[in-house]
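Accompanying notes for the structure given below.
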Amino acid sequence: MTQDISNWTLTGLLQRQAEAQGEREFMSFEHGTSLSFASLHADSNRLARNLASLGVTPGDRVMVMPKNRIEFMLAMFAIMKLGAIFVPVNTELKGAFLSHQMRNAEPCMVFLDHDLRDAFDAVQGGNDNLASVIYVAGHVPKERPAVFADAEAMTFENLFALAGTTDDVIVTAEPQDIACIMYTSGTTGPSKGVLMPHAHCYLFGHGMARTMAMTEKDCQYVCMPLFHAMGLLLQVVSSLITGSKVFCIERFSPARWLDDVRESGATVTNALGVIPEFIFRTPESEYDRDHKLRVVVAVPIAAEWGEAMEKRFGFKFMQAYGMTEVNIPCYTSEADPLLPGMAGHVIDDFFEVRVVDAETDAVMAQGEIGEIVVRPKVPFCFNQGYFRMEERTVEAWRNLWFHSGDAGYFDEQGRLFYADRIRDRIRRRGENISSFEIEQVLNDHPDVQESAVVGIRVEGAGGEDEVKAYIVTARGEDIDNVALLDYCAVNIPRFAVPRYVEAVEEVPKTATGKIQKEPLRQAGVTNRTWDRESVGYKIARRV
């Protein structure tokens, strides 16, 4: 059956819901501000006309870098209503990282949180298009970075108060029109700007709403950053589609998570990366089940705490697989067991998914690990390439399939399992090792709060990797490395037991909680690294 996506645009969706829902509250923020369906539509219309009066036209890129605030949502819809391209930016970026995105996107305007103004101090030029900088939640600073020197500056309040143009500048978007450019994490190279049509953005929310059986009675708790597809497209857009509420906070805190969930009346939420485990490791309380939360979408989930967390809090975990480029082609179902790494069933009315040999693209047999490749069945419900990175686009689309860079396999029931990033898989002594699986074992050790495992190249390893584990201890104390390896030897295969251990205060992460492995690999063996061979540690072979 052909899917009808003729009205799948975010701006059209907002207009329909403003007419249907009126002044019902749509989105509230921890700062005390809120938006009804009608006010988000009306205020973003006004803002769009004001942006047009400053020269923003269809096809222009507008970079948006506030925190999780009301202004983020108003800016997004205003930009899209002009037919301009919304470019949300990671609020953790600064200096060279921002320089790349400024040069790549060449925005004509930047919305910038006042608290983040120093992020542009070391940004180099390369963008002659920048005409305006809009400061959110603060005044226009007296001293501005060089990259903003020739741009007009004003506060968001001043922008909103402009008379605006009286011309008919609001455009009617089509599903195939590019709505936004979202940048990848850039953990293995320069961030790539993903070209995302309206239908692609809409499908993130549609899939979430359908799989979670969301209704008007639901409330999404958003603790993910809005510049990320998880928080913005899966959570906020799914709520807009279903006419349900959103409560949005600025930054995740494990200590306040339960209080927020209870006070907001949240029924659905998402938790990416280390977030669910951090929540699980908070002290138990008499209020753990005193909430309305019914389902949590989380990736990854570990056997050591997954079922225990469901029992403690009384909600259901669901898992998924996806990325900014490919949408969410797989979800688990209510009937699926809670298994680590299980991404679930292919949403086969929208996607095809295969597991192939990463070198030859030959399809792998059931149960064998290979690279996950995806392609869409419905036009424009998928990325349209990387902005101004044609070679990377062609590379990713090899043999008419989008290559995810992720390793996985299908089980006998046709469910996809995520194994690791292809680049994060470690090759040692002829064995392929999953860093993810070692990390799950290490994280279950009582003295370990968090870990990151990488393969590093050292002299004498014959061109293969040695396993190095970075450890953050639970109480900031030293760890007994020999005892830790004894624990590993019992719980993971002999060939996967780390040779190197290094205690660190924290492991580097993206703003969405994903561990950044590349700097850890590049560090190699340091003067803080413990080598088991230095003490003659041996792992007994199985008899």
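The values are calculated or read from the model by the stated rules, or taken from the named source; none is laboratory data. All figures in this text were calculated on a predicted structure; none of them were measured in a lab. Positions of Cβ are generated from backbone atoms using ideal geometry, with glycine treated the same way; all protein chains shown enter the neighbour counts.
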Report task. Considering only segment 445-478, state which residues are crowded, with 17+ Cβ neighbours inside 10 Å and of a type in the set (A, V, I, L, M, F, W, C). Result -> V448, A452, V453, V454, I456, V467, A469, I471, V472
Query - P107 being in contact with a Leu (Cβ under 8 Å, 6 or more places away or on another chain), under 18 Å from L233 (Cα atoms), buried (at least 24 other Cβ atoms within 10 Å of the Cβ) and not hydrophobic (A, V, I, L, M, F, W, C) - result: no
Report summary line: Picked from segment 277-306 (must be under 18 Å from V441 (Cα atoms) and among the aromatic types (F, W, Y)), the residue modelled with the highest pLDDT is F280
Requested in this report: Among the residues of segment 126-144, write down those that are of a type in the set (S, T, N, Q) and crowded, with 16+ Cβ neighbours inside 10 Å.
Outcome: N127, S132
Query - Qualifying position, being surrounded by 19 or more Cβ atoms within 10 Å (Cβ to Cβ) and within 29 Å of G32 (Cβ to Cβ), among A298, A320, A343, A302 - result: A298
**Report entry** Evaluation of R415 against (1) out of contact with any helix residue (DSSP H, G or I) (no Cβ under 8 Å at 6 or more places or on another chain); (2) surrounded by fewer than 18 Cβ atoms within 10 Å (Cβ to Cβ); (3) basic (K, R) (one fails), failing number
**Finding:** (2)
**Report entry** The listed residue being out of contact with any strand residue (DSSP E or B) (no Cβ under 9 Å at 6 or more places or on another chain) and either hydroxyl-bearing (S, T, Y) or touching a residue at least 12 places away in the same chain (Cβ under 8 Å) (or both), out of A18, A52
**Finding:** A52
Report task. Go over the candidates T184, T166, T188 one by one and state the one that is modelled with pLDDT under 95 and assigned by TED's automatic domain parsing to the domain that holds L82. Result -> T166
Report task. For segment 345-385, name all the residues that are within 19 Å of M196 (Cβ to Cβ) and not hydrophobic (A, V, I, L, M, F, W, C). Result -> R375, P376, K377, P379, N383, Q384, G385
Report summary line: Every listed condition ((1) of a type in the set (V, I, T); (2) surrounded by fewer than 14 Cβ atoms within 10 Å (Cβ to Cβ); (3) within 23 Å of I181 (Cβ to Cβ)) holds for V374 save (2)
**Report entry** Restricting segment 191-239 to residues that are β-branched (V, I, T) and assigned to a helix (DSSP H, G or I), the residue that is modelled with the lowest pLDDT
**Finding:** T211
**Report entry** Hits in segment 358-372 (condition: without any contact (Cβ under 8 Å) to a residue 60 or more places away in the chain, out of contact with any helix residue (DSSP H, G or I) (no Cβ under 7 Å at 6 or more places or on another chain) and closer than 16 Å to M342 by Cα)
**Finding:** Q366, G367, E368, G370, I372
**Report entry** Among the residues listed as F436, F417, F495, the single one being modelled with pLDDT of 95 or more and of a type outside the set (K, R)
**Finding:** F417
Query raised in the report: Wholly within segment 248-321, which strands (runs of 3 or more DSSP E) include no fewer than the required count, namely at least 1 residues that are of a type in the set (V, I, T) and in contact with an Asp or Glu (Cβ under 8 Å, 6 or more places away or on another chain)?
Result: 268-272
**Report entry** Count - residues of segment 112-131 that are closer than 17 Å to G193 by Cβ and either modelled with pLDDT of 85 or more or aliphatic (A, V, I, L, M) (or both)
**Finding:** 3
Query - Residue check for N45: over 29 Å from S244 (Cα atoms), assigned to a helix (DSSP H, G or I), in contact (Cβ under 8 Å) with a residue 12 or more places away in the chain and not acidic (D, E) - result: no
